[in-house]
Amino acid sequence: MEWRLFAQVPEDELRRVLAIARRRTFERGEVVFHRGDPADSLHLISKGRFATRITTPLADTATLGVFGPGEAFGELALVSEGAVRSATVSALEPAETHSVYRTDFARLLVEHPGVKEVLIGLLAEQVRRSSERLIEALYVPAEQRVLRRLTEMAEQSGGSSGDTVIPLTQEDIAGLAGTSRETVNRILGEEARRGTVELRRGKTVVLSLDELARRAR
């Protein structure tokens, strides 16, 4: 498994962290943890995709992010003792993670201080992602944001020339792109007429990833 998050982390330190990780598997739709649960572990994704969701003050469900192989979620569990989860995470398809518990990581850090580079890499990626999304929200048109999210999710599945299924509703995509469901419905309808996507119940099939990626830039 290639962990692109840790491209700058010494290989020995990454191996030490993976050695204390516990393999966990999840079925489609299975919840990894709920918002408000104790934050006790980091999840490194080796297979499948996971969605991060919250319930808004209006009782709607908003999807904040989708993470795939080579990515991670729950990293703040390694930083703050007594923290709780800020969102609910569930598997979008059969999936697998390597779970690193805070207590195990703390013991490893005492023996091998260099493993802190792994944690620094995780936090740096979180800051980078947040900064990029903020800039997008301020300066990138909604259509382009929707196309970028579709492209990212298709690429997470290793999509290239073949059809790639994105198992998200239009409400989910709207949350990811920071726009309305009506806007997503219009954009996806236009893409379907172009032949780049096919719309199915509760999912979108990407038919031409290259074309979507070109116009998402």
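Since every read-out is calculated from the coordinates, none of them should be taken as a lab result. Quick caveat, the model's predicted, so the values are computed rather than measured. Note: ideal-geometry Cβ built from the backbone for every residue, glycine included; neighbour counts use all protein chains shown.
A few comments on the model shown:
- Residue count for segment 128-163, restricted to those that are within 23 Å of GLU30 (Cβ to Cβ) and touching a Gly at 6+ places or on another chain (Cβ under 8 Å): 3
- Among the residues listed as GLU136, GLU171, the single one being surrounded by fewer than 22 Cβ atoms within 10 Å (Cβ to Cβ), more than 23 Å from GLU75 (Cβ to Cβ) and charged (D, E, K, R): GLU171
- Unique residue being closer than 19 Å to PHE6 by Cβ and touching a Phe, Trp or Tyr at 6+ places or on another chain (Cβ under 7 Å) when the list is GLY114, GLY121: GLY121
- Between ARG128, ARG102, the distinction of being of a type in the set (Lys, Arg), within 24 Å of GLN8 (Cβ to Cβ) and in contact (Cβ under 8 Å) with a residue 24 or more places away in the chain belongs to ARG102 only.
- Matching option when the condition is hydrophobic (A, V, I, L, M, F, W, C) and surrounded by fewer than 16 Cβ atoms within 10 Å (Cβ to Cβ), among LEU123, LEU78, LEU108, LEU119: LEU123
- Filter result for the condition that a residue is under 17 Å from the mean Cα position of the chain (by Cα), at negative phi and surrounded by 14 or more Cβ atoms within 10 Å (Cβ to Cβ), over ARG28, ARG16, ARG53: ARG53
- For GLY178, the criteria (1) on the phi > 0 side of the Ramachandran plot; (2) out of contact with any Ser or Thr (no Cβ under 6 Å at 6 or more places or on another chain); (3) surrounded by fewer than 15 Cβ atoms within 10 Å (Cβ to Cβ) hold in every case but one, which is (3).
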